[in-house]
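Data first, discussion second: the structure below is written as structure tokens.
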Amino acid sequence: DVVQGALAVIEPSFLRHRVRATCTIPANIRTMLDRSKFQQVLLNLVTNAVQACKQASERHRFVHIEAGLIDSTRFFVEVRDGGIGFDDTRKAKLFTQGYTTRDDGHGLGLHYCANAVKQMNGGITASSEGPGLGATFRIELPIRAEGLADGPTQTQRNAA
């Protein structure tokens, strides 16, 4: 639901820039996490992917989102694009506050993503085969956030 919601928000950008969006998400992933924080991370990653595709040829203008289970305690979400990619020098700076590759960028989006994913007890990585060869951003998160009870809290039971 969160991935589909993020795609719906960005759909006008896909259409405007002629970027194809596809998803491979199994229906069996159920998790408890900060929904708004996770959706903001996805929005940042997908928006960046669309921006990266604007300079690519028509055939490389795609964003693919894939999710899956790593094991019984963790899942992943990948955002892959056919955009401008990056080299190892840029990779080392991607999650640094203030670093941007765009003329109109502020360098806050990926820094936010890294911090938000860390707050949710997960990790984020970036990879690219090099300039002009697209990029993949991978988030790994626990299926159940630490500190969440299996059922409603006492207060929730009394209020129901």
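A few comments on the model shown:
- Search result, residues across segment 32-89 that are open to solvent by 50 Å² or more (accessible area, probe 1.4 Å), touching a strand residue (DSSP E or B) at 6+ places or on another chain (Cβ under 7 Å) and within 19 Å of GLY130 (Cβ to Cβ): PHE62, ARG80
- Failed item in (1) touching a residue at least 40 places away in the same chain (Cβ under 8 Å); (2) out of contact with any Pro (no Cβ under 6 Å at 6 or more places or on another chain), with GLY85 passing the rest: (2)
- Helices (runs of 4 or more DSSP H) (entirely within segment 64-160) containing at least 1 residues that are of a type outside the set (Asp, Glu) and modelled with pLDDT of 80 or more: 88-91, 109-119
- For segment 1-30, the set of residues classified as farther than 13 Å from VAL79 by Cβ, open to solvent by 50 Å² or more (accessible area, probe 1.4 Å) and not charged (D, E, K, R) consists of GLN4, ALA8, VAL9, PRO12, LEU15, PRO26, ALA27, ASN28, listed by residue number.
The values are calculated or read from the model by the stated rules, or taken from the named source; none is laboratory data. Bear in mind the structure is a predicted one, so any value in this text is a computation, not a measurement. All Cβ positions, even for glycine, are placed from backbone atoms using ideal geometry, and neighbour counts span all protein chains on display. Side chains are part of the model used for accessible areas, which takes the heavy atoms of the whole protein and leaves out ligands, DNA and RNA. Shrake-Rupley method; radii C 1.70, N 1.55, O 1.52, S 1.80 Å.
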